[in-house]
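Reading through the structure tokens given below for one structure.
Bear in mind these aren't lab numbers, they're just calculated from the coordinates by the rules spelled out. In this text the structure is predicted, and so the values were computed from the model without any measurement. As a convention, Cβ positions derive from the backbone with ideal geometry for all residues, glycine included, and neighbour counts pool all protein chains shown.
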Amino acid sequence: MTTTDRRPDSSATAPDADASPGAAGARLPGRSLLRIGPISLQVRRRAVLVAATLTVLLLLAVVLSLSLGTPYVAPADVLRALSGAGTPYDLIVFDLRLPRIVLAAVAGAAFGVAGTLIQSVARNPLASPDVIGITQGAGLAATVALTSGTAAVLVAPTALVGGLLAAVLLFALGARHGLAAQRFVLAGVAVAFAFRALTEVVMLTADPIDGLRAQIWLIGTLAGKGWTEAAWIAGTLLVLLPVLAWAGWALNSTALDDDTARGVGLRPVARRIGLAGTGVLVAAMVTAQVGAVDFVALVAPQVARRLVRAERPPLVCAALLGALLLVLADLAGRRLIAPTQLPAGVLTAAIGGPYLIFLLLRGRRRSS
């Protein structure tokens, strides 16, 4: 879903009307025009349909995840428990399963948002927090904390600081020439490799038990986590909600070159920095809370873009798809080889690997 400029009478035009937030005067094909006071909104009908479908699928996945396990809880009993009717399964639903499932949904949505913002700025479907170094920076900081005897409660804040420091280094290396897309991605890849190498050095010199704890964190798992972590991620998204609302509109201009964007009265460099900064902040926070769950931020935006048939990843649909992917990945991790639980990061990597191959083959076919 996208929005138009708040000046519906603006006469500014651009070569790509769909990409330009200044072209608000005419209704575009496949869109409906909504007016809320002085604000005009052009809503892509297919995006609304996809978002509604993903919402239904997410709710079904939540109910299924609450049902499956030992003991099994019938979906009808799950719904009765959630409605507050009172059932013998309230303890299982509310205390054992719901916190982890809510965390999976909130974290997946945050990964989808972060991936959308970063890929839109980089103009590259392979750009995501786990590619440009944010995940690796958080992982290095968490590994140092876990192998140095730091209190468990300080691991997440330490990882957050590491992710943000990686972002600072990324912007320092990639901000020249107006945060150009290619330079931004290359700087991110360099930062990611550097932090990954340092993480391996720390793990090799650490006590084996501490190294194993760090390895589990680096894979990414939701086991033993719940309301507290979900509250931190959801709180971050709520605080950033005005910024995210602006980002949903500002993403329309990311396809324009700098000269065209300036010609319609935009500031492309400031927008790119704002969008990328928001994306890395969200990515650092969610990675600090759930670990390095790879590929959700990579896959969700591009799959959502293909479902909506849009030129850019849609923010809301990417968030819903990210939530759906992580809820299903966590469910599969709990049940595939039960009673042994697989970390959610293992399942998302299993999804992301074939997806990367698909992107590479698709790009090769296009280039040929």
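With the convex hull drawn around the C-alpha atoms of the stretch 137-214, the volume per residue stands at 72 Å³. Treating each Cα of the stretch 178-247 as one equal point scatterer and applying the Debye formula with no solvent, the log10 of I(q)/I(0) at q = 0.16, 0.21 Å⁻¹ comes out as -0.94, -0.97. Averaging the sequence gap over all C-alpha pairs within less than 8 Å and six or more residues apart, then dividing by the number of residues, gives the stretch 164-243 a relative contact order of 16 percent. Taking a point 7 Å out from the Cα of L79 in the direction of its Cβ, the residues of the stretch 51-66 whose backbone N falls within less than 13 Å of it are 60, 63-64.
Work out, in µm²/s and without decimals, the Stokes-Einstein translational diffusion coefficient of the stretch 268-368 at 37 °C, 0.692 mPa s, Rh from Kirkwood over C-alpha pairs.
Values: Rh = 15.2 Å.
This corresponds to a translational diffusion coefficient of 216 µm²/s.
What is the Cα convex hull volume of the stretch 185-226 when expressed per residue in Å³?
77 Å³
Just to verify a number: FRET efficiency for A190 and A270, C-beta to C-beta distance, R0 = 30 Å, to 0.05? Result of the calculation: an efficiency of 0.75.
The average projected area of the stretch 72-126, computed from the convex hull of its Cα atoms over all directions, is 5.2 nm².
Would the stretch 280-331 count as rounded, prolate or oblate if I go by the C-alpha gyration tensor, calling it rounded below 1.5 in a/c and otherwise prolate when a/b exceeds b/c, oblate otherwise? Present the calculation step by step, with values, prior to reporting the outcome.
On the way: a/c = 2.57, a/b = 1.54, b/c = 1.67.
In terms of gyration-tensor shape, oblate.
Obtain the radius of gyration and the Kirkwood radius of the stretch 81-167 from its C-alpha atoms and give Rg over Rh. Don't skip to the end; give the middle numbers.
Values: Rg = 17.8 Å, Rh = 15.5 Å.
Radius of gyration relative to Kirkwood radius: 1.15.
Multiply the residue separation of R335 and D95 by 0.36 nm, subtract the distance between their alpha-carbon atoms, and state the gained length in nm to one decimal.
On the way: separation 240, 0.36 × 240 = 86.40 nm, distance 1.84 nm.
Extending this stretch completely gives an extra 84.6 nm.
With the contact rule set at Cα under 8 Å and sequence spacing of 6 or more, what percent relative contact order holds for the stretch 112-252?
Numbers: 144 pairs, mean separation 38.3, N = 141.
Normalised by residue count, the contact order of the stretch 112-252 is 27 percent.
Across the stretch 304-315, coupling constants 3J(HN,Hα) worked out from phi with the 6.51/-1.76/1.60 Karplus curve, θ = phi - 60°, read 4, 4, 5, 5, 7, 6, 10, 7, 10, x, x, 5 Hz, and Gly and Pro carry x. Here the stretch 98-140 is described by how far its Cα atoms reach on the three principal axes: 36, 25, 11 Å, from widest to narrowest.
Once R0 is set to 35 Å, what does the formula 1/(1 + (r/R0)^6) return for the Cβ-Cβ distance between A152 and L126, expressed as a FRET efficiency to the nearest 0.05?
Details: r = 34 Å, r/R0 = 0.97.
The pair A152/L126 has a calculated efficiency of 0.55.
Ordering V56, T87, V102 by the projection of their Cα atoms onto the charge dipole of the stretch 44-112, which places +1 on the Cβ of Lys and Arg and -1 on the Cβ of Asp and Glu, puts V56 at the extreme positive end.
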